[in-house]
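**Student:** Below is the structure I would like to discuss, written out as structure tokens.
Every number in this text was worked out from the coordinates using simple rules, so none of it is lab data. From a predicted model like this one, the values you see are computed outputs, not experimental measurements. Positions of Cβ are backbone-derived with ideal geometry, glycine not excepted, and every protein chain shown enters the neighbour counts.
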Amino acid sequence: MARDARIILVTGGARSGKSALAETIMARFPGPHSYIATAEARDDEMARRIAQHRARRGPDWNLIEEPLDLPAALTRSAGQGARLVDCLTLWLSNLMAANRPEDQAIGALCDTLSRPSAPVVLVTNELGLGIVPENRLARRFRDAHGWMNQVVAARADEVWMAVSGLPLRLKPEREIP
């Protein structure tokens, strides 16, 4: 593993500033930078969100669009500089909508993250702070998402949480005096 091949997870709620925090973290690493997008513009509102993200990043980023096979996208881009994956939540949603077994896909992602050749910054949502959903599919998604976040965080060298636009470092922890 390359010395700077760190795995960094950034989590937070909706509109918490997690993508902007991830982009700030990416600035630590020399270029080139790749953006692995899992979102698909299925409506006008999502197309606007994607356009806002692109405008904020600027034209110097290599764009890789991969809504389903994230491990393959990470493997194909290995050795090509730091990569930002935005976001794991949409990736998991895409998998479930395509009836792909999410546990196998999450396992494949973790296997890929165990062999980083360059920095990888992953963005995910923090969903576990709300009420238990009333329907089975939403509970299944929430549970799979929580498990995914836990296993990715366990493999990560750093974990950050964005709250109201402010960064909180969760890992590595500071020792309590």
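**Student:** Order of Met96, Met46 from fewest to most other C-beta atoms within 10 Å?
**Tutor:** The fewest-first ordering by Cβ neighbours comes to Met46, Met96.
**Student:** Using only Cα atoms, locate the centre of the stretch 67-110 and the centre of the stretch 21-56, then give the distance between them in Å, rounded to an integer.
**Tutor:** Using only Cα atoms to place each centre, the spacing works out to 15 Å.
**Student:** Hey, got the dipole for the chain? About the Cα centre, +1 on K and R Cβ, -1 on D and E Cβ, debye to the nearest 20?
**Tutor:** Numbers: 23 positive and 21 negative charges, 48 e Å.
The dipole magnitude comes to about 220 debye.
**Student:** Mind listing which trypsin sites (Lys or Arg not before Pro) in the stretch 1-35 are in a DSSP loop and have 14 or fewer other Cβ atoms within 10 Å?
**Tutor:** Sparse-neighbourhood loop trypsin sites (Lys or Arg not before Pro): Arg3, Arg15, Arg28.
**Student:** What nm distance separates the two modelled labels at Asp157 and Leu137, each placed 7 Å from Cα along Cα→Cβ?
**Tutor:** Spacing of the two 7 Å Cα→Cβ label points: 4.0 nm.
**Student:** Note down the magnitude of the dipole of the stretch 105-177 about its Cα centre, charges +1 on Lys and Arg C-beta and -1 on Asp and Glu C-beta and zero elsewhere, to the nearest 20 debye.
**Tutor:** Details: 9 positive and 8 negative charges, 39 e Å.
Its charge dipole is roughly 180 debye.
**Student:** Next question. Put +1 on the Cβ of every Lys and Arg and -1 on every Asp and Glu Cβ in the chain; which of Asn125, Leu113, Ile25 then has its Cα farthest towards the positive end of the dipole?
**Tutor:** Ile25
**Student:** Continuing with the same structure: Which GluC sites (Glu not before Pro) does the stretch 24-74 hold that lie in a coil by DSSP with at most 13 other beta carbons within 10 Å? Before the final figure, lay out each step's value.
**Tutor:** Working: sites: Glu40, Glu45, Glu65; in loops: Glu40.
The qualifying sites: there are none.
**Student:** Okay, next question. Considering just Cα atoms, how many Å³ per residue does the convex hull of the chain enclose?
**Tutor:** 130
**Student:** Work out the length of the dipole vector of the stretch 9-92 about its Cα centre, built from +1 on the beta-carbon of each Lys and Arg and -1 on the beta-carbon of each Asp and Glu, and round it to the nearest 20 debye.
**Tutor:** Using only the charged Cβ atoms, the result is roughly 320 debye.
**Student:** Moving on to the next point. Under the 0.36 nm per residue contour assumption, what length would be gained going from the current alpha-carbon distance of Ala41 and Leu168 to full extension?
**Tutor:** 42.7 nm
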